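Okay, structure first, notes after.
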Amino acid sequence: MIMSGKGRLMSDINVTPFVDVMLVLLIIFMVTAPMMTHGVKVDIPKTTLKKMGVQDHAVLITIDASRRVSINNDQLDVSEVRRRLPALLDVSRTQEIYLKADKSLPYGVVMDLVAQIKDAGIEKIGMVTEPVLAVEQGGR
């Protein structure tokens, strides 16, 4: 027990060690967070449409030039999407999916994937594109 100068107990809590630990954890998470993001290399088409707001917890389905599909971190073939999508996601709670397709893919492949997503129970599908820079727009 710690006694103050007048013989009473001191009831203050020393928070300095707690603050030190929190600052160290904050620095560790700030350094490691950028390293934890993984993705699939996709050359998406460029458009002149304005950027829309995307939800942070949105589901992203990516199809690359070699026709491999990634749903968040799970990889599968195009033909498996309809069958495996309900097992990978809670389809009843997922309101919207964003589709990111490589621009070199034929239109039919992308539309087949869209059809499989709709057959799995997802109604709202957003197409991800990359905005064209102002310099590129003037050159067209």
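If you check V69, V40, V59, V81 for being surrounded by 15 or more Cβ atoms within 10 Å (Cβ to Cβ) and at pLDDT below 80, only one passes: V40. In the range 93-106, the residues that are under 14 Å from A65 (Cα atoms) reach residues that are assigned to a loop (DSSP other than H, G, I, E, B) and of a type in the set (G, A, S) with C-beta atoms within less than 7 angstrom, at least six apart or across chains, in these pairs: D102/A65; S104/A65; L105/A65. Does any residue of the range 76-94 turn out to be assigned to a strand (DSSP E or B), out of contact with any helix residue (DSSP H, G or I) (no Cβ under 8 Å at 6 or more places or on another chain) and under 24 Å from E130 (Cβ atoms)? The answer is no, given that none of the residues of the range 76-94 is assigned to a strand (DSSP E or B), out of contact with any helix residue (DSSP H, G or I) (no Cβ under 8 Å at 6 or more places or on another chain) and under 24 Å from E130 (Cβ atoms).
The values are calculated or read from the model by the stated rules, or taken from the named source; none is laboratory data. Values in this document were obtained by computation on a predicted structure and should not be read as measured data. Cβ atoms come from the backbone with ideal geometry, glycine included; neighbour counts cover every protein chain shown.
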